[in-house]
Amino acid sequence: MGHLNRRAAALALCLAFGVGLAGCGQKDAVTADDMGLGNPAAKVTVIEYASASCPHCAAFNNEVFPAFKAKYIDTGKIHYVFREFLTPPVQVAAAGFLVARCAGKDKYFSVLDAIYRGQQAMYQSGDVKGTLLRIAQSAGMTEPQFDACIADEKAQQALNDRVGRYAKEDNITGTPTFVVNGKMLDGEQSLSSLDAAIAAAGGR
């Protein structure tokens, strides 16, 4: 009965966010925890599972995402959903996601973009905290707010719970992983590969 109730709740969320029932499988059920961009009523939903500490995720963000966003998100052709996953160094990924969420939903993606674009320099310098602090400050956070954010045990547990759920229920084992209306694409994707997957899903 609990499983049925959860399934019904997932379908209700899909309807509330305008996701068609045909694409409302386990991997496509949008939840309040998700960070999204674009048109929630779009026929195609593209979910990206990524880690803030993953170089391949940073490469996608820096090299492919701007054109992908202009072509599909800004035009309302898809609903893009970002889901956080943790890869080594896990502490770096977790701190990055905590800071992005503390900055607020309206600044989440700009903070994440700054983390990805500063990732290589951060690894080279070894100054993870300093880099994240500067990014947080550029988003309007004070140093005490930053310190409280990355020390928030409740937020950390919520992040761990989300990651555990994605691993168990959505079978996510690495990043980046993309799901286009239920079809999984493993690894870093080119714009052309996403074009093909979106077209196959009935996107324009």
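The values are calculated or read from the model by the stated rules, or taken from the named source; none is laboratory data. Owing to the predicted nature of the structure, the values given are computational and were not obtained by experimental measurement. When we count neighbours, we look across all protein chains shown, and the Cβ atoms used for this are built from the backbone with ideal geometry, even at glycine.
Tabulated data
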quantity	calculated
Yes/no for VAL19 being surrounded by 15 or more Cβ atoms within 10 Å (Cβ to Cβ), touching a Leu at 6+ places or on another chain (Cβ under 6 Å) and either modelled with pLDDT of 95 or more or farther than 22 Å from TYR116 by Cβ (or both)	no
Given (1) without any contact (Cβ under 8 Å) to a residue 24 or more places away in the chain; (2) touching a Cys at 6+ places or on another chain (Cβ under 7 Å), number of the condition THR31 does not satisfy	(2)
Whichever residue in region 98-112 is in a loop (DSSP other than H, G, I, E, B) and small (Gly, Ala, Ser) and, among such residues, is surrounded by the fewest Cβ atoms within 10 Å (Cβ to Cβ)	GLY104
Count of residues meeting criterion [surrounded by 15 or more Cβ atoms within 10 Å (Cβ to Cβ) and under 18 Å from ASN61 (Cα atoms)] in region 171-190	9
3 or more residues modelled with pLDDT under 95, closer than 20 Å to GLY104 by Cβ and small (Gly, Ala, Ser): qualifying helices (runs of 4 or more DSSP H) within region 118-204	none
LYS69 vs. criteria outside any helix (DSSP H, G or I) and touching a strand residue (DSSP E or B) at 6+ places or on another chain (Cβ under 8 Å)	no
Verdict on GLY202 being closer than 27 Å to HIS79 by Cα and of a type outside the set (S, T, N, Q)	yes
Positions within region 97-127 being under 17 Å from PRO144 (Cα atoms) and of a type in the set (Val, Ile, Thr), in sequence order	VAL99
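Yes/no per residue for (1) in contact with a Ser or Thr (Cβ under 9 Å, 6 or more places away or on another chain); (2) of a type in the set (Asp, Glu):
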{"position": "LYS69", "(1), (2)": "no, no"}
{"position": "LYS107", "(1), (2)": "no, no"}
{"position": "ASP127", "(1), (2)": "no, yes"}
{"position": "ALA136", "(1), (2)": "yes, no"}
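For every residue, the table says whether it meets (1) closer than 20 Å to ASP170 by Cα; (2) modelled with pLDDT of 95 or more; (3) more than 15 Å from the chain's Cα centre (by Cα).
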site	(1), (2), (3)
LEU4	yes, no, yes
TYR49	yes, yes, no
CYS54	yes, yes, no
ASN61	no, yes, no
